[in-house]
Amino acid sequence: MSDEITPHEPVSEQGQLSIVVRTTDNSAHSLQIAPSLPVSELKTRLKELSSISEERQRLIYRGHVLDDRKLLREYEIEDGNAIHMVARPENYR
């Protein structure tokens, strides 16, 4: 049947992922992002929402720290999933 919906659809019809980024202070930011987006660009968007600089952000998905140089699709992030953001100390270098 062509009308069947498969569980854990990786990408919405528009080619965008709907994700939630949760922070350690219990904030949650909902975003629509392209799977082809580099992790570094996601951090730039999160800086605008959270005021935490890209250098201080540490993004974690399914127990893996996301590498700035990789694309989000390399982590097989599924539509509706959560990414966790941990902020490094302010004097982090």
Calc'd 3J(HN,Hα), segment 80-87, phi into Karplus 6.51 cos²θ - 1.76 cosθ + 1.60 (θ = phi - 60°), Hz, glycine/Pro = x, comes to x, 6, 10, 10, 9, 10, 10, 9
Which sequence of Ser53, Ser40, Ser30 reflects their accessible areas, 1.4 Å probe, from the largest down? Ser30, Ser40, Ser53
Cβ-Cβ cut-off under 14 Å around Ser27, Lys and Arg +1, Asp and Glu -1: the net charge is 0
Inter-label distance, nm, simple model (7 Å from Cα along the C-beta direction), Leu71/Asn91: 4.1
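Using a 1.4 angstrom probe on the protein heavy atoms only, could you order Arg62, Arg56, Arg69 from most to least accessible area?
Details: Arg62 155, Arg56 45, Arg69 200 Å².
Correct descending sequence by accessible area is Arg69, Arg62, Arg56.
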Heavy-atom accessible area of Arg58, protein chains in place, probe 1.4 angstrom, given in Å² to nearest 10, is 100
Solvent-accessible surface ranking, highest first, for Tyr61, Tyr75 at 1.4 angstrom: Tyr75, Tyr61
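The values are calculated or read from the model by the stated rules, or taken from the named source; none is laboratory data. Please read these numbers as outputs of a predicted model, since none were measured by experiment. Here Cβ is always computed from backbone atoms with ideal geometry, including for glycine, and neighbour counts include all displayed protein chains. Areas reflect the complete protein model, heavy atoms only, side chains present, ligands, DNA and RNA absent. Shrake-Rupley method; radii C 1.70, N 1.55, O 1.52, S 1.80 Å.
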